[in-house]
Amino acid sequence: MNVPNALTILRMLMIPLMVYVFNSFGAHWALLVYVVASATDVLDGYIARKYNQITDFGKLMDPLADKLMVLTMLYMLSTRAYIPMWVLIVVACKELVMVRGAALLLGGKKVV
């Protein structure tokens with residue numbers, strides 16, 4: 001466990017917090033949680049590269065945390081009609097296509 005991985009885990013734990021804040025206090029406060037979580041993403045990437053703390057865990061979980069955070073926020077915004085549902089669908093489909101494309105490019109190789 002290193003600092004970048006801890007920040008990635010923290011970002012994943014902030015997703016339920018973001019949902020709670022959105023449902024309890026509104027979208028503006030949830031945006032604040034989202035911005036703080038995004039800052040941890042920037043910080044974890046900077047630290048991992050600067051101090052050569054890049055791990056297989058980070059390579060896999062960092063993008064997953066980002067995707068989950070974005071899709072969760074889009075879902076919440078679409079359920080309250082702040083954005084149309086099709087925006088969520090388009091972004092979710094794009095993410096699925098990217099994951100599928102990466103899997104095809106790797107061709108079953110054991111690569112993170």
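Matching residues to (1) surrounded by 15 or more Cβ atoms within 10 Å (Cβ to Cβ); (2) modelled with pLDDT under 95:
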residue: N2; (1), (2): yes, yes
residue: R11; (1), (2): yes, no
residue: I15; (1), (2): yes, no
residue: V19; (1), (2): yes, no
residue: Y34; (1), (2): yes, no
residue: Q53; (1), (2): no, yes
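Looking at region 81-95, which of its residues are within 17 Å of the chain's Cα centre (by Cα) and closer than 20 Å to F22 by Cβ? Selection gives V87, L88, I89, V91, A92. Step by step: first the residues of region 87-98, then only those that are surrounded by 12 or more Cβ atoms within 10 Å (Cβ to Cβ) and at pLDDT below 95, then the one that is farthest from L64 (Cα to Cα). Which residue is that? Looking at residues that are surrounded by 12 or more Cβ atoms within 10 Å (Cβ to Cβ) and at pLDDT below 95, I get M98. Going residue by residue through region 81-98, is there one that turns out to be of a type in the set (D, E, K, R) and in a helix (DSSP H, G or I)? There is at least one residue in region 81-98 that is of a type in the set (D, E, K, R) and in a helix (DSSP H, G or I).
Within 26 Å of H28 (Cα to Cα), under 13 Å from the mean Cα position of the chain (by Cα) and either of a type in the set (F, W, Y) or assigned to a helix (DSSP H, G or I) (or both): does that describe M69? So M69 passes the test.
Cβ separations smaller than 6 Å between residues 6+ apart or across chains give the following pairs from region 42-65 residues that are in contact (Cβ under 8 Å) with a residue 24 or more places away in the chain and closer than 17 Å to I15 by Cβ to residues that are among the charged types (D, E, K, R) and part of a helix (DSSP H, G or I): A65/R11.
The values are calculated or read from the model by the stated rules, or taken from the named source; none is laboratory data. The shown structure was predicted, so the numbers you read here are calculated from the model rather than taken from an experiment. Every residue, glycine as well, gets a Cβ built from its backbone with ideal geometry; the counts of neighbours run over all protein chains shown.
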